[in-house]
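To keep things clear, I will list the structure first and then write my remarks on it.
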Amino acid sequence: MSYKRNQVEEAIARISVSNYQKPPSELRTRIKRLLELDRSMGRKLRSKDPEEANFGFFSEEAAGTGVDISFSDYDAFALLNGLRIMGHGWPQGFAVAIMRRVRPALEREHARILRQDPDKLFDQEAIRAAARPGDIAADNTDPVYLTLASQAQRPPDEIQAAPFSAVCRGYVKVSDFSRDVGASSVTMFEVVTLAHRLHQELMKTKPRRRGREGGTS
């Protein structure tokens, strides 16, 4: 499945905005700026650096003037996570860099997550049975965390520009990752529930004809 930008904005807004009626202009502006920055940075497919080799929010190169941009389910999911990162006070350049860096691992996890049976994944009895003392509460049976870790001994500007990042399946993996990099602080974004919610919202949307999208892609 592929979606037009108005569908992506609508699905994200339904998750992010209380009393949703239509995507607010502030949200649409933040999405627009993330897309523009990501596109302007380009990519080098042969680079071994995932931050250089991948777009954060696009699966393909720009199609050219007058052609609608299509977004994959993962592209929309990446945008939503970019907005979540910004919601924690980090700037848009930081969000773009992180989503470029984690794309190979997070895109694989996203595909696997959507193949899981929602009835089993969100079985409340199974969730309660799997809970262990000391673990972070999760609202599904197989949580995955987009994890950002910083080291206190790094200069403040370097912490912001290049934190350690990983996609961790389960809290044990988060703990292992944090220990391995010697993290002084860790920020986690659980992504499984969000992936399924966004997919469901995307499926409810309908594309609008070009010229009514409120901006270019």
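The values are calculated or read from the model by the stated rules, or taken from the named source; none is laboratory data. Quantities reported herein were computed from a predicted structural model and do not represent experimental measurements. Backbone-built Cβ (ideal geometry, glycine too); neighbour counts: all protein chains shown. Side chains are part of the model used for accessible areas, which takes the heavy atoms of the whole protein and leaves out ligands, DNA and RNA. Shrake-Rupley method; radii C 1.70, N 1.55, O 1.52, S 1.80 Å.
Give the residue, chosen from ALA195, ALA149, that is closer than 19 Å to ALA95 by Cα, of a type in the set (A, V, I, L, M, F, W, C) and modelled with pLDDT of 95 or more.
From the options ALA195, ALA149, the qualifying one is ALA195.
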### Task
Working carefully through the options ARG30, ARG14, ARG84, ARG39, find the one that is open to solvent by 40 Å² or more (accessible area, probe 1.4 Å), assigned to a helix (DSSP H, G or I) and under 17 Å from LYS204 (Cα atoms).
ARG14
### Residue list for the range 1-11, filter: polar (S, T, N, Q) and surrounded by fewer than 18 Cβ atoms within 10 Å (Cβ to Cβ)
SER2
### Task
Within the range 50-72, track down each residue that is open to solvent by 40 Å² or more (accessible area, probe 1.4 Å) and touching a residue at least 60 places away in the same chain (Cβ under 8 Å).
ASP68, SER70
## Note on the structure
Here the residues within the range 73-90 that are free of Cβ contacts under 8 Å to residues at least 60 places away in the same chain and farther than 19 Å from MET188 by Cβ are TYR74
